[in-house]
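Below: the structure, in C-alpha cells.
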Amino acid sequence: MKIYVADTLNFLSKLSFSRLWNAAKVLSSYYLARWLKRPVQWGLPLTVSIEPTTACNLRCPECPSGLRAFTRPTGNLRADFFRRAVDELHQSLVYLIFYFQGEPYINPRFLEMVNYAHRRGLYTITSTNGHFLDEENARKTVESGLDRLIISVDGTTQEVYESYRKGGNLDIVLQGARNVVAMKRELNSRKPHLIFQFLVVAPNEHQIAEVHRLAQEIGVDEVKLKTAQVYNYQEGNPLIPRNERYSRYQLQPDGSYRVKNRLLNHCWKLWHSCVITWDGRVVPCCFDKDAVHQLGDLKAQRFAELWQSAPYQAFRQKILKGRSQIDICTNCTEGCKVWA
C-alpha cells in the first residue's frame, strides 16, 4: 500500500481532539455492539456522504442516475440546508464526501458548499465523471479548498471508455484532469489530491497498465482500481471481469455467480457513517441508492436525535441479527477491493 505523504499530512492536520475523541467512542461502541449483539452506539458519525444532486449528464448502465431509474424525488442540494447540517456535525466529522448519486458539478453551488466545509476544517472529497473541469471550474476547484478529487476514467480509448460511460467523451475528461494539474501548479497548491478511479469491467480490464501510464503522463497523483457492483450477477453479466482478482463475484461450478465476501452479521458503516440525500433523507449507506431504508429526515430532526432514534437502532439490530434478511446487504461487497 503506497503512502501519499502530502495527502496524509493534510488529512492528519484536520484531526482535532473532539474528532479523535468521537472516533474513539464510535469505535469502542461498534466492538461492544458486536460482542453484546445489540445496537450500542456512542458518538456521532466520522464521515458523511452528502448528495449534491441526482442529475447526471451520462447514462452508465449500472447507475440509477444514468438509467434515470429513481423512484425517489430528484433535485439539487440547497446550500442553506447544507450549511445547517455541517454546522451541527463539523466538530465530530473527520471527512465529508460530496457524492452519492449524480454528478456533483451539475449543482451550481457545489464548490461554494465545498468551500464552506473547508472553512469548517473538514477533509473534503468528491467524485466526478470529469466533464465539467474546464479552466474556470478547475481554478474554482483548487480555490475551494477541496482535499481530494476522484475522476472516473474507465477506459483509455474512447471506444472502451464509452462502452460503460455512455454519452461520455474521454478527451474532455483527460483535458479536465490536465486543467486541474495546471491550476494546482499555477496556484502553488498541493490540493486537491488527484485520483484516476478505474472501474474494472470486462471491456476495459486489459487497459489497467495503460491507465497508470496515462495518469503519470498527465501528473495525476494516484490511480485506484475499483471493482464494479452489478445488479444482475447471479447468471453472469457481460460487465463481470474475466480476471477474478478484479471481480466482486465468484464463478461457481454450476456456472452461476455469488458475491465473494461472506455476509457477516455486523457492519462498520452503520456505526461510523451515513448518507444524506439532496433533500435531507438519511439512509444507512451508499448501497441504498433509491433511499428505500429511510432512517430519518434531517429537515425535521436534529442529527444527534436522528442518529439515536428508534428506526436507526432497529436497523442496527437487524444488521446484528442477520444481514441476509436486508435487501441492500445481499449485494454488499464492502471490503472487496483491489490495490492499484
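The values are calculated or read from the model by the stated rules, or taken from the named source; none is laboratory data. If you're wondering where the values come from, they're calculated on a predicted model, not measured in any experiment. Cβ atoms come from the backbone with ideal geometry, glycine included; neighbour counts cover every protein chain shown. When the accessible area is computed, the model is the full protein with side chains, heavy atoms only, and any ligands, DNA or RNA have been set aside. Shrake-Rupley method; radii C 1.70, N 1.55, O 1.52, S 1.80 Å.
The table below lists the values:
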{"quantity": "Any chance Asp290 is at pLDDT 95 or above and assigned to a loop (DSSP other than H, G, I, E, B)", "calculated": "no"}
{"quantity": "Some residue of segment 140-156 being under 17 Å from Cys60 (Cα atoms) and surrounded by fewer than 17 Cβ atoms within 10 Å (Cβ to Cβ)", "calculated": "no"}
{"quantity": "Criterion: within 22 Å of Phe196 (Cα to Cα) and either open to solvent by 20 Å² or more (accessible area, probe 1.4 Å) or at pLDDT below 95 (or both) - qualifying residue of Leu133, Leu111", "calculated": "Leu111"}
{"quantity": "Segments classed as strands (runs of 3 or more DSSP E), wholly inside segment 166-278, with at least 2 members that are in contact with a strand residue (DSSP E or B) (Cβ under 6 Å, 6 or more places away or on another chain) and within 30 Å of Trp42 (Cβ to Cβ)", "calculated": "273-276"}
{"quantity": "Of all residues in segment 12-38 being among the charged types (D, E, K, R) and touching a residue at least 24 places away in the same chain (Cβ under 8 Å), the one that is surrounded by the most Cβ atoms within 10 Å (Cβ to Cβ)", "calculated": "Arg19"}
{"quantity": "Tyr105 vs. criteria buried (at least 19 other Cβ atoms within 10 Å of the Cβ), out of contact with any strand residue (DSSP E or B) (no Cβ under 7 Å at 6 or more places or on another chain) and not polar (S, T, N, Q)", "calculated": "no"}
{"quantity": "Single unsatisfied condition, Val211 versus (1) farther than 25 Å from Arg245 by Cβ; (2) open to solvent by less than 70 Å² (accessible area, probe 1.4 Å); (3) within 21 Å of the chain's Cα centre (by Cα)", "calculated": "(1)"}
{"quantity": "Helices (runs of 4 or more DSSP H) lying entirely in segment 2-83 (those with 1 or more residues that are in contact with a helix residue (DSSP H, G or I) (Cβ under 6 Å, 6 or more places away or on another chain))", "calculated": "17-36"}
{"quantity": "Scan of segment 115-156 for residues that are over 19 Å from Arg19 (Cα atoms), part of a loop (DSSP other than H, G, I, E, B) and of a type outside the set (D, E, K, R), ordered by number", "calculated": "Asn129, Gly130, His131, Phe132, Leu133, Gly145, Leu146, Val153, Gly155, Thr156"}
{"quantity": "Some residue of segment 287-294 being surrounded by fewer than 18 Cβ atoms within 10 Å (Cβ to Cβ) and of a type in the set (Gly, Ala, Ser)", "calculated": "no"}
{"quantity": "Selection within segment 214-232 - open to solvent by 10 Å² or more (accessible area, probe 1.4 Å), under 30 Å from Thr330 (Cα atoms) and in contact with a helix residue (DSSP H, G or I) (Cβ under 8 Å, 6 or more places away or on another chain)", "calculated": "Val223, Leu225"}
{"quantity": "Which numbered condition Ser92 misses (of (1) modelled with pLDDT of 95 or more; (2) open to solvent by 30 Å² or more (accessible area, probe 1.4 Å); (3) assigned to a loop (DSSP other than H, G, I, E, B))", "calculated": "(2)"}
